[in-house]
1. Of everything in the stretch A:37-91 that's in contact with an Asp or Glu (Cβ under 7 Å, 6 or more places away or on another chain) and closer than 19 Å to residue A:233 by Cβ, which residue is surrounded by the fewest Cβ atoms within 10 Å (Cβ to Cβ)?
2. I'm checking my understanding of the structure. Among residues of the stretch A:394-416 that are within 14 Å of chain B (Cβ to nearest Cβ) and not in a helix (DSSP H, G or I), which one is nearest to residue A:250 (Cα to Cα)?
3. Among the residues that make up the stretch B:46-59, is at least one of them among the aromatic types (Phe, Trp, Tyr) and either under 18 Å from residue B:397 (Cα atoms) or more than 14 Å from chain A (Cβ to nearest Cβ) (or both)?
4. Looking only at residues that are facing chain A (nearest Cβ under 7 Å) and under 24 Å from the mean Cα position of the chain (by Cα) in the stretch B:114-134, which one is surrounded by the most Cβ atoms within 10 Å (Cβ to Cβ)?
5. All but one of (1) crowded, with 23+ Cβ neighbours inside 10 Å; (2) out of contact with any Gly (no Cβ under 8 Å at 6 or more places or on another chain); (3) under 23 Å from residue B:126 (Cβ atoms) hold for residue A:358; which doesn't?
6. For the stretch A:111-134, enumerate the residues that are under 26 Å from residue B:134 (Cβ atoms), β-branched (Val, Ile, Thr) and not in a helix (DSSP H, G or I).
7. In the stretch B:43-98, which helices (runs of 4 or more DSSP H) lie fully inside it and hold 3 or more residues that are closer than 30 Å to residue A:123 by Cα and either within 21 Å of the chain's Cα centre (by Cα) or at pLDDT 95 or above (or both)?
8. Tell me, please, whether a residue that is under 30 Å from residue A:291 (Cα atoms) and assigned to a helix (DSSP H, G or I) can be found in the stretch B:371-393.
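The values are calculated or read from the model by the stated rules, or taken from the named source; none is laboratory data. Not measured: the values here are computed from a predicted model. Here the Cβ positions follow ideal geometry from the backbone for every residue, glycine too, while neighbour counts run over all protein chains shown.
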There are 2 protein chains.
Amino acid sequence: MEHIKLDIEKSLGFVTKKEVFKFEEESKKHLISLQKGTGKGNDYVGWVELPSQISEKDLNDLEATANSLKERIEVLVVIGIGGSYLGAKAVNDALANNFDHLSPNENPIVLYAGQNISEDYLFELMQVLKEVEFGICVISKSGTTTEPAIAFRLLKELLEKNVGKEEARERIVAITDESKGALRSLAEQENYKTFVISDNVGGRYSVLTPVGLLPIAVAGHNIKELVKGAQSMQNYSVAAAFDENPALLYAATRNALYAKGKGIEILANYNPKLHNIGEWWKQLYGESEGKENKGIFPASVDLTSDLHSMGQYIQEGQRNIFETVISIAQSNHSVLIPEDKNNLDKLNYLAGKHVDQVNKMAELGTQLAHVDGGVPNLRIELPRLNEFYLGELLYFFELACGVSGYILDVNPFDQPGVEAYKSNMFALLEKPGFEEASKKIKERL
Amino acid sequence: MEHIKLDIEKSLGFVTKKEVFKFEEESKKHLISLQKGTGKGNDYVGWVELPSQISEKDLNDLEATANSLKERIEVLVVIGIGGSYLGAKAVNDALANNFDHLSPNENPIVLYAGQNISEDYLFELMQVLKEVEFGICVISKSGTTTEPAIAFRLLKELLEKNVGKEEARERIVAITDESKGALRSLAEQENYKTFVISDNVGGRYSVLTPVGLLPIAVAGHNIKELVKGAQSMQNYSVAAAFDENPALLYAATRNALYAKGKGIEILANYNPKLHNIGEWWKQLYGESEGKENKGIFPASVDLTSDLHSMGQYIQEGQRNIFETVISIAQSNHSVLIPEDKNNLDKLNYLAGKHVDQVNKMAELGTQLAHVDGGVPNLRIELPRLNEFYLGELLYFFELACGVSGYILDVNPFDQPGVEAYKSNMFALLEKPGFEEASKKIKERL
């Protein structure tokens with residue numbers, strides 16, 4: 001069985017092997033803490049065993065729901081913010097056609113809402129939805145988070161107006177708490193199909209729960225393969241030796257680099273479909289580690305595009321960055337560079353080559369250039385871009401993040417800082433219950 | 001005349017007014033250096049006077065070309081990398097419907113190519129282009145830059161196959177050097193309509209030249225208003241006192257913050273249409289300042305979305321970041337939050353409010369939270385999101401970048417680091433002329 005691979009070789013000019021292997025025992029210990037649920041934030045480590053615990057029955061239920069939606073709708077709007085949409089969007093975009101909305105597709109188009117509070121965004125979305133058969137997958141543990149709650153109020157009303165209350169019920173799926181909260185109450189009242197957000201899995205680790213899996217299934221991707229890939233990485237990671245264990249090695253290497261003053265990590269891809277894997281990864285690592293005035297700052301780039309944008313900075317700016325590259329060994333389609341008898345553009349030396357062969361030499365050339373410029377390089381390789389290896393990649397990143405957060409000595413499963421803007425917003429909007437805070441905040445303005 | 005505004009008030013708890021005003025004389029001096037062309041990189045300061053130098057005739061020619069394309073095509077593919085597409089994409093996305101590809105539109109859809117070397121991207125693009133009437137705007141000074149040259153070879157061949165050589169000539173516009181280079185030669189040979197990339201304007205400062213303006217005009221936006229906005233900011237900036245001069249104040253404040261150890265700047269928006277303004281800005285600042293092992297690291301976020309992703313880090317991670325927010329005073333459309341008699345989601349306290357009112361309180365609440373958390377805040381306000389104020393914004397950022405680079409004592413108009421990956425790539429691909437380098441690089445592998 002082939003797995004995704006991690007190569008840390010090109011970091012070893014910046015940290016010694018010894019400095020990485022210093023974390024061997026500790027990272028193994030943290031892995032066990034995660035498995036046994038004995039570390040910080042242990043109420044939220046349900047994701048560790050998740051891939052091996054999802055049953056065939058659960059997956060069949062998700063697929064059946066997806067199929068029943070597909071028969072009724074052309075567009076699915078996923079309503080959710082943060083971990084409630086980033087995982088699905090990352091996987092859907094990685095597996096979709098680059099020009100999804102312009103290409104014929106038997107599966108519904110998946111759009112996203114409730115992830116911002118832009119009036120123009122909601123207006124323009126509703127204009128589109130007036131003209132199509134749409135459904136809603138609303139994802140919220142409480143049902144009262146401001147952004148998704150506003151979007152759901154508006155789109156539910158629109159859907160009921162478009163197709164009537166009866167049919168709307170068939171087109172709305174709620175993913176929410178098992179027993180409590182506003183969305184659970186509403187779903188029972190309206191008899192929506194529901195799936196459960198477990199208490200022990202936080203939003204940013206939820207892509208392999210119904211939160212991620214249902215929208216991925218509706219978009220037409222194979223969730224069984226995705227889960228199988230995650231299982232494969234789970235099984236491999238608990239058994240592999242440190243020096244062959246990508247999750248532990250990644251956690252160790254980035255902490256060794258951080259200790260040497262490399263405070264910014266740039267996740268780079270050479271395939272634009274991976275753009276939103278970068279966005280998902282930024283939440284996973286930024287929210288897990290960015291606390292107590294520490295943590296590596298996560299950034300991402302799409303290459304070679306951004307070699308003509310962030311490339312100058314990476315090559316010659318402040319030397320506090322390191323780079324983690326995701327590379328796909330083999331492209332899914334074939335395009336050869338044609339011969340041109342004029343050869344004004346002097347490209348004939350590439351004629352007959354696959355475009356991807358050039359991409360690979362750009363990647364290798366960039367790795368060498370960045371290392372020469374003082375940027376340590378880690379490289380993750382996927383044999384192919386498909387559901388299975390994406391499943392491996394997601395689980396690899398999650399597991400490494402848990403271990404890495406423990407090495408940093410923070411709780412990688414809380415996000416206390418996310419409350420600050422919300423409390424201020426509620427006070428400013430004079431939400432019932434925030435009267436004291438309202439008074440106080442208005443004195444500051 | 002109302003202008004875009006910059007407010008640095010919420011940075012003044014981190015740097016004193018004196019520390020900002022320390023740069024007053026220097027920034028004025030640098031502004032004059034830019035105008036007179038007496039500073040570093042003075043071969044590339046043609047953009048400074050550009051808005052006031054573009055003639056009505058030039059703009060009419062661009063509009064006429066755009067109109068003639070519009071009559072022939074449904075899709076325009078802009079082929080270019082870095083500064084050759086980021087400006088057009090930033091403005092087009094800022095002014096487009098959020099769901100552009102799903103909404104009826106009388107103007108051609110603008111797609112981008114030659115900004116990456118993804119085989120699947122090119123394959124899938126060509127699949128789409130086989131079925132539509134398309135044209136090409138190819139943008140390259142030399143015509144031999146690898147990424148756009150590969151894309152142009154493939155798409156030119158496809159277009160000629162689709163519609164014949166005669167009609168293809170009418171649908172291809174080349175933006176290139178005035179007299180030399182492969183693309184100029186080809187354009188003359190094939191009799192393409194051309195526009196000139198001036199010698200004295202670098203790619204990342206080229207959005208107000210035909211490089212940006214033609215694709216913006218094809219997408220149906222008003223390039224005369226865009227240029228008028230830039231002119232307005234140009235006129236204002238050369239005359240305004242330091243404390244009312246957004247470009248000088250921005251340059252001074254960010255350098256004062258950088259001197260205090262704030263090495264990461266996050267550009268934030270509260271409107272997803274501004275996402276690619278962030279990408280354009282990252283090239284402008286990253287490529288201008290990231291050299292000699294210094295420069296502020298530029299990152300960007302879309303809020304409130306990313307408050308549930310990067311928000312935790314911004315609130316509580318390493319305290320080496322500051323935030324620059326772009327805010328739009330008034331949205332273009334109107335959506336009110338509806339009343340719901342059940343009120344399970346407890347949103348009725350917002351009923352009757354504009355969605356944007358909530359967005360504005362989220363913004364204000366976030367500003368207070370981040371400042372409390374140790375993140376200095378700068379705020380740029382546009383009265384509306386339209387061509388005029390985008391023109392002001394673009395010119396403001398360009399001028400501030402030139403001044404800021406001079407304060408940092410670098411040449412803000414070169415990008416020596418971008419060559420490193422290219423030379424390695426050519427060596428690895430055994431490009432004719434790179435025989436020595438090929439031998440050397442292969443010994444390293």
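1. This residue is A:47.
2. A:408
3. Filtering the stretch B:46-59 for residues among the aromatic types (Phe, Trp, Tyr) gives B:47.
Then drop every residue that is not either under 18 Å from residue B:397 (Cα atoms) or more than 14 Å from chain A (Cβ to nearest Cβ) (or both), which leaves B:47.
Yes, that holds for at least one residue.
4. Checking each candidate, the answer is B:118.
5. Residue A:358 satisfies all of (1) crowded, with 23+ Cβ neighbours inside 10 Å; (2) out of contact with any Gly (no Cβ under 8 Å at 6 or more places or on another chain); (3) under 23 Å from residue B:126 (Cβ atoms) except (1).
6. A:132
7. Details: elements: B:50-53, B:56-72, B:86-95.
Passing ranges, in order: B:56-72, B:86-95.
8. Yes: one or more hits.
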